[in-house]
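Single-structure report; data block below.
The values are calculated or read from the model by the stated rules, or taken from the named source; none is laboratory data. Being a predicted model, the structure only gives us computed values, none of them experimental. With ideal geometry, Cβ positions are generated from the backbone for all residues, glycine too; neighbour counts draw on all protein chains shown. Note: areas computed on protein heavy atoms with side chains; ligands, DNA, RNA excluded. Shrake-Rupley method; radii C 1.70, N 1.55, O 1.52, S 1.80 Å.
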Amino acid sequence: QYVEVTPEEGKSLPTDATYKLVKKNSDGTYTPVENLTATEVNGKTVFDITDLTSDKFDPNADYYIETTETGKNPSYSDTPIKIDKVAPTIIKEGDKNFTVVQDHYGYQVKISATANDNAGILRVYAQTDKDGGYYKQEASKTTANLSESIQNQLGVQKTFTVTAVDKFGNKTEV
């Protein structure tokens, strides 16, 4: 996961600048994200947040890019950046994360689950069937339901997996 440093429309990035990813505090000051520096990846200036752990950022806070050019005061991006590395939750029903119901003959299994994520749910699916289940490309809803029927089980005991993915690619499996 990357946060890309992009110039304002019609401008280019300054060549003599350093960049920091900073959190805007309630008093209007900025605090840099620890141990995170901008690097070049495929010709783009980015912050690699792949290994950024949840104790290093606040998913509810607004982050900005601080640009410091040689001999000038720092400037800050206009648009806030949200960092979301929290995976969706699969709602518990009773003491189970989701329900699995087998028919009397062991031929069909019905799986149902509900996933929540404040950033938006991209997909929820059973087993490896990403084409089935719930999918919304724009990830506009924060809650998604899955109701799948898996045929031809032949009465064999199996373990089933339900996967929920938010719009940032964070994934939960139960």
Built amide H within the under 5 Å cut-off of Leu122, gap 5+: Val165, Asp166, Lys167
Distant-in-sequence amide H partners of Tyr30 (H built 1.01 Å from N, under 5 Å): Asn25
Ratio of Rg to Rh over the chain (Cα coordinates, Kirkwood Rh, two decimals): 1.14
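So if each residue of separation counts as 0.36 nm, and I subtract the Cα-Cα distance between Tyr30 and Thr99, what length gain in nm does that give?
20.3 nm
Tell me, in nm to one decimal, what length is gained between Asn116 and Lys136 on full extension, where the rule is 0.36 nm per residue of separation less the Cα-Cα distance? Don't skip to the answer; put the middle values down first.
Working: separation 20, 0.36 × 20 = 7.20 nm, distance 1.36 nm.
So the chain would gain 5.8 nm between Asn116 and Lys136.
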Exposed-loop-free span, longest in the chain, where GluC sites (Glu not before Pro) count as exposed if DSSP calls them loop and at most 16 other C-beta atoms lie within 10 Å: 35-137
Most positive-pole-ward Cα, Ala164, Pro74, Tyr107, against dipole of the chain from beta carbon charges: Tyr107
GNM top mover of Val86, Val33, Val162 - the chain, alpha-carbon springs below 10 Å: Val33
FRET efficiency, 1/(1 + (r/R0)^6) with R0 41 Å, evaluated for Lys158 and Thr18 via beta carbons: 0.15
Cross-link reach list, aspartates and glutamates versus Lys130, counting only Cα pairs under 15 Å and skipping chain neighbours closer than eight places: Glu148, Asp166, Glu173
Candidates per chymotrypsin sites (Phe, Trp or Tyr not before Pro) in segment 115-174, loop by DSSP, up to 15 other Cβ within 10 Å: Phe160
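For segment 1-96, report the translational diffusion coefficient in µm²/s to the nearest whole number, using Stokes-Einstein at 37 °C, 0.692 mPa s, and a Kirkwood Rh over Cα pairs. Walk me through the numbers before you get to the answer.
Working: Rh = 15.0 Å.
It comes out at roughly 218 µm²/s.
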Sum of side-chain charges, Lys136 neighbourhood, beta-carbon under 10 Å (Lys, Arg +1; Asp, Glu -1): +2
Cut-off under 5 Å, modelled amide H: who pairs with Asp62 long-range: Lys24
In Hz, Karplus ³J(HN,Hα) per residue of segment 8-17 (6.51, -1.76, 1.60; θ = phi - 60°; x = Gly, Pro): 5, 4, x, 10, 10, 5, x, 7, 10, 10
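Where in the chain is the longest stretch that carries no trypsin sites (Lys or Arg not before Pro) classed as loop by DSSP and with at most 15 other Cβ atoms within 10 Å?
Values: sites that count: Lys11, Lys72, Lys82, Lys92, Lys130, Lys136, Lys141, Lys158.
Looking at the chain, 12-71 is the longest stretch - no exposed trypsin sites (Lys or Arg not before Pro) with at most 15 other Cβ atoms within 10 Å.
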Gaussian network model of the chain, springs between alpha carbon atoms under 10 Å - residue of Tyr64, Tyr107, Tyr19 with greatest fluctuation: Tyr107
Calculated FRET efficiency for the pair Ile91/Thr39, C-beta based, R₀ 30 Å, to 0.05: 0.20
From phi via Karplus (6.51, -1.76, 1.60), per-residue ³J(HN,Hα) for segment 161-174 in Hz, x at Gly/Pro: 10, 10, 10, 10, 10, 8, 5, 9, x, 5, 10, 10, 10, 10
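Using the structure shown, select from Lys23/Lys72; Lys136/Lys158; Lys20/Lys171; Lys24/Lys141; Lys20/Lys167; Lys11/Lys72 the pairs with a Cα to Cα distance greater than 23 angstrom. Each step should come with its number before you reach the end.
Details: Lys23/Lys72 20 Å; Lys136/Lys158 29 Å; Lys20/Lys171 28 Å; Lys24/Lys141 27 Å; Lys20/Lys167 25 Å; Lys11/Lys72 18 Å.
With Cα atoms farther than 23 Å apart: Lys136/Lys158; Lys20/Lys171; Lys24/Lys141; Lys20/Lys167.
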Segment Lys72-Gln151, extension gain: residue separation times 0.36 nm, minus the distance between their alpha carbons: 21.8 nm
Heavy-atom accessible surface of the chain: percent carbon and sulfur, 1.4 Å: 45
Derived scalar couplings ³J(HN,Hα) [segment 123-132; Karplus, 6.51 cos²θ - 1.76 cosθ + 1.60; whole Hz; x for Gly, Pro]: 7, 9, 8, 9, 6, 10, 7, 5, 6, x
